[in-house]
Amino acid sequence: MKSGKFFFFLFFLVVFLMVSFSSAEAVLVPSPKKGVAGGATPDTIPQIQISWFYNWAYIPGYTNPNQWNYDNWDPKIWEKFVPLFYGKSYSSVESFMNQICSKTDYCNKGNYYLVGNEPDVDAEDKTPGSTDPVGDAVFRQGEVVKRILAKDPTAKLIVLGLSNGSDLNFLKNFIIEWKDKWAGTEIASLPEVIRGWHFHWYFPNLPFVCPTDDSFLRRFVATANEQLLATFGKKIENPELWITEFGSLNRNATISQLKGLMSCLVPILENSAVVSRYAWFYHGCSSTVHSYCRTPWANYNLFYPQPAPLTISELGQRYALFGLVTPTPTPAPQPAKLSFKIKFQGINNAAPSKNVLVILKQGGVEKYRFAEVNVTADSSGVYSGLVENIAPGTYDVFIKGPIHLQKKFPNVTLNQGTNTKDFSLIPLKAGDFNNDNILNINDIASLLSYYTALSSPVNSQNQKFDIEANGAIDINDVSLVLANYTQREVGGE
Ligand SMILES: [Ca+2]
Ligand SMILES: [Ca+2]
């Protein structure tokens, strides 16, 4: 082989090996922490490989950035979206919540809401010229929190949204002033009302100096808990920290520098034990509407600013490769078991075991039929049995004894694993000797044919007519059945 051909061969061999090795690896998925600030869509989410996004409370695509409108939202978006409420927009939170709760499945599911966006920055959440931004934030974010909780008491609230996590005085004063401002109200105890904090982490100066660890982030969380403890006497257990914007808005930064910043920050955020989520700023959007979109895309957008459909930028392609993890296999749902107790009319002792029929229905449709379920009695005649391998859910349970009419136990919820249900309060009615689930003259006639003496000893022929299982066919057996025979035909349930 000439050397030229050999290298050609070697080249293809290497390519072949790379392809085979990479295809053998498990497909990676975005970590649950990884997100983006901005209006992601079902089209752009898989391109940048994110698990969540938020967008300052208006619709993706920014057709009208000042209006909430979830009418046209793909329901899938709610698996990734977290609403954010500006403090300054607190008066419209109620109508926003009405839309979320009436048009989506997000409400009252223990989902997250972000509160506040840069209360320390003029024209963001800070009124320009305000002399008391902390007091303003305490008041406005408190008003937001109250309105969210009024519609969704299960809401997990992530508050504050400072533009810079090094402003620990703002954080401390926010906690102190919250106590003064909201004392005696339903949101008085800040550590019990919120789940955690969010802030932004920006690197404005070139060249970027990459932090070596997450100490900056841990300091914020530790300071928050120290101040909560000092002010309220309690802290938040495992408080969440969301970095709701990170990156650089330096317009002189090259793509290469921004990629470098990304390469440095994403692993720190991903590996930090105190960080719950992070979101790169900025997703990218239509060039015609939002001011962010009109800046040169190379600064920080993950998608070129242009009308939809958006095209992923070089930076977006880079972000897609970060923060990927091996998917944790979702455990197969464990089936349900139903361990039940049941009582048969007439039996109050440790009578012999029986085989019963157990049927499970949903909406009148039979889902499971267990033809011969062995049940055994305790000393007071309460029988126990078990049926297994049932998909968790809510069922109507029907149980029929060999000589007892079928009984319905409605709306029995079965969860994964063993479910213990006591159906023994009302016994199954005796007397269906031919096991057709109807008590009628045929059953009465056959019983009477064996009731030939005041007390006939039980043998293999007549045993089933000894309802009480006391060893004899007697007046007690007959009177039980006759008492049940209230009409021409008594059917099981
Ligand atoms: Ca019958
Ligand atoms: Ca008897």
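The values are calculated or read from the model by the stated rules, or taken from the named source; none is laboratory data. In this text the structure is predicted, and so the values were computed from the model without any measurement. Virtual Cβ from ideal backbone geometry, glycine too; neighbours counted across all protein chains shown.
A few remarks follow.
- Selection from the stretch 456-466 of residues that are more than 16 Å from ligand 1 (Cβ to nearest atom), within 57 Å of the chain's Cα centre (by Cα) and buried (at least 16 other Cβ atoms within 10 Å of the Cβ): ASP466
- When ALA469 is tested against the conditions (1) within 16 Å of ligand 1 (Cβ to nearest atom); (2) at positive phi; (3) among the hydrophobic types (A, V, I, L, M, F, W, C), the lone failure is (1).
- Out of ALA453, ALA469, one residue alone is of a type outside the set (Val, Ile, Thr), within 16 Å of ligand 2 (Cβ to nearest atom), buried (at least 18 other Cβ atoms within 10 Å of the Cβ) and not in a helix (DSSP H, G or I). It is ALA469.
- Taken as a whole, the structure places PHE220 among residues that are under 16 Å from ILE268 (Cα atoms), surrounded by 14 or more Cβ atoms within 10 Å (Cβ to Cβ) and touching a helix residue (DSSP H, G or I) at 6+ places or on another chain (Cβ under 8 Å).
- Yes/no for SER384 being in contact with a Ser or Thr (Cβ under 7 Å, 6 or more places away or on another chain) and either more than 16 Å from ligand 1 (Cβ to nearest atom) or in a loop (DSSP other than H, G, I, E, B) (or both): yes
Each row is one residue, and each column tells you yes or no for (1) within 54 Å of the chain's Cα centre (by Cα); (2) within 16 Å of ligand 1 (Cβ to nearest atom).
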{"position": "PRO427", "(1), (2)": "yes, no"}
{"position": "PHE433", "(1), (2)": "yes, yes"}
{"position": "ASN442", "(1), (2)": "no, yes"}
{"position": "LEU447", "(1), (2)": "no, yes"}
{"position": "VAL481", "(1), (2)": "yes, yes"}
{"position": "ARG488", "(1), (2)": "yes, yes"}
{"position": "GLY491", "(1), (2)": "yes, yes"}
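- Qualifying residues in the stretch 408-424 (those that are closer than 15 Å to GLU493 by Cβ and surrounded by fewer than 16 Cβ atoms within 10 Å (Cβ to Cβ)) - the one farthest from ligand 1 (Cβ to nearest atom): ASN411
For every residue, the table says whether it meets (1) outside the structural domain of VAL478 (by TED's automatic domain parsing); (2) part of a strand (DSSP E or B); (3) within 30 Å of SER51 (Cα to Cα); (4) free of Cβ contacts under 8 Å to residues at least 24 places away in the same chain.
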site	(1), (2), (3), (4)
ASN348	yes, no, no, no
LYS361	yes, yes, no, no
PHE370	yes, yes, no, yes
VAL375	yes, yes, no, no
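- Options LEU190, LEU162: the member that is more than 23 Å from CYS264 (Cβ to Cβ), touching a helix residue (DSSP H, G or I) at 6+ places or on another chain (Cβ under 9 Å), of a type in the set (A, V, I, L, M) and at pLDDT 95 or above: LEU190
- Tabulated pairs, the stretch 110-133, first on the phi < 0 side of the Ramachandran plot, second among the hydroxyl-bearing types (Ser, Thr, Tyr) and assigned to a loop (DSSP other than H, G, I, E, B), C-beta under 7 angstrom, 6+ apart or interchain: ASN117/TYR86; ASP120/SER163; VAL121/SER163; ASP125/TYR86
- Those residues of the stretch 207-216 which are over 16 Å from LEU241 (Cα atoms) and surrounded by 13 or more Cβ atoms within 10 Å (Cβ to Cβ), in sequence order: PHE208, PRO211
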